[in-house]
1. Which aspartates and glutamates have a Cα lying under 17 Å from the Cα of residue 122, excluding residues fewer than 8 positions away in the same chain?
2. In the stretch 77-159, what chymotrypsin sites (Phe, Trp or Tyr not before Pro) fall in a loop by DSSP, with at most 13 other Cβ atoms inside 10 Å?
3. Pairs to check: 204/252; 9/94; 94/185; 124/252; 124/246; 185/214. Give those whose C-alpha atoms are more than 30 Å from each other in this structure.
4. Name the residues whose placed amide hydrogens come within less than 5 Å of the amide hydrogen of residue 102, ignoring near sequence neighbours (fewer than 5 apart) on the same chain.
5. Pairs of Cα atoms under 8 Å, at least six residues apart: use those to get the relative contact order of the stretch 2-256, whole percent.
6. Where the only charges are on Cβ atoms (+1 Lys, Arg; -1 Asp, Glu), what is the dipole of the stretch 2-256 about its Cα centre, to the nearest 20 debye?
7. Counting Lys and Arg as +1 and Asp and Glu as -1, what is the net charge of the other residues whose Cβ lies under 14 Å from the Cβ of residue 45?
Amino acid sequence: MQHKANMKKLIAGNWKMNGSLATNEVLLAALAEGLTNDRPSCDVAVCVPAPYLAQIQALKLTHSSLSVIDVGAQDVSAQASGAYTGEVSAAMLKDFGCRYVIVGHSERRQYHFETDALVADKAKAALASGITPIVCIGETVAEREAGRTEEVVRRQLAAVIRGNGHCISEVVLAYEPVWAIGTGKTASPEEAQAVHAVLRAQLKAATDQSARVKILYGGSMNAANAASLLAQPDIDGGLIGGASLKAPDFLKIIAAAHV
């Protein structure tokens, strides 16, 4: 499809609540070694727990080959500042060199009861600070079995479009079927492509800049299935969970994401 012509894919690792100062250093060193020998043709990011943002920023200065990896966070407050104990603002993330931030991950929606409207507000806060939100959308197994996949993902995306208007072309989307996250189950390339095509059409109806929007797949993408998923016309990259914590696997996925 035409939107693919000049668009680099994006491979973003989501470390979730994993890592330590020691293991992070080992992982980044292994990535640095791998990327020294094989410079990626895609964009690469690691979205890390907030306490480690400073460490990752420092490690990027230590290993020149890590300059190709952008830093991302896993959540952001919808508020700019103030009496919101425990929250982290977009401006704070910007201070630590964040280019991306994940918003609306299914785990946040499930465990922290984040609504479509709140996710839209978080995306807006990120955009206001010059950070690209990676907006996650996807259906549960119950919604899938009820035949509501398209309805659910369109509703979730519609809220973000309403809340961000002309800025919608600045976001990254990640379709993450909830039933495929951390379960080892993966949508087939054809199943994933069908949902991505629905999202692409919805974006096209909302903005004439829809070709700029990357739509990632985020349901148990790994070294074995990445190439077949990334070959689909509307899959522009991956939001990688467990495999991003293993340098050999993450490097294989990066290598599969050629333009």
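Since every read-out is calculated from the coordinates, none of them should be taken as a lab result. From a predicted model like this one, the values you see are computed outputs, not experimental measurements. Cβ atoms come from the backbone with ideal geometry, glycine included; neighbour counts cover every protein chain shown.
1. Answer for residue 122, where 17 Å is the Cα cut-off: 75, 87, 107, 114, 170, listed by chain and number.
2. Details: sites: 84, 96, 100, 111, 113; in loops: 84, 96, 113.
For chymotrypsin sites (Phe, Trp or Tyr not before Pro) across the stretch 77-159 that sit outside H, G, I, E and B with at most 13 neighbouring Cβ atoms in 10 Å, the list reads 84, 113.
3. Working: 204/252 32 Å; 9/94 23 Å; 94/185 35 Å; 124/252 33 Å; 124/246 32 Å; 185/214 23 Å.
From the list (204/252; 9/94; 94/185; 124/252; 124/246; 185/214), the Cα-Cα distance tops 30 Å for 204/252; 94/185; 124/252; 124/246.
4. Amide H neighbours of residue 102, under 5 Å, 5+ apart: 73, 74, 75, 134.
5. Values: 472 pairs, mean separation 54.2, N = 255.
Taking the mean separation of contacting Cα pairs over the length of the stretch 2-256, I get 21 percent.
6. Values: 24 positive and 25 negative charges, 70 e Å.
Once rounded to the nearest 20, the dipole reads 340 debye.
7. Working: positive: 8, 9, 60, 99, 214; negative: 43, 70, 236.
Computed value for this residue: +2.
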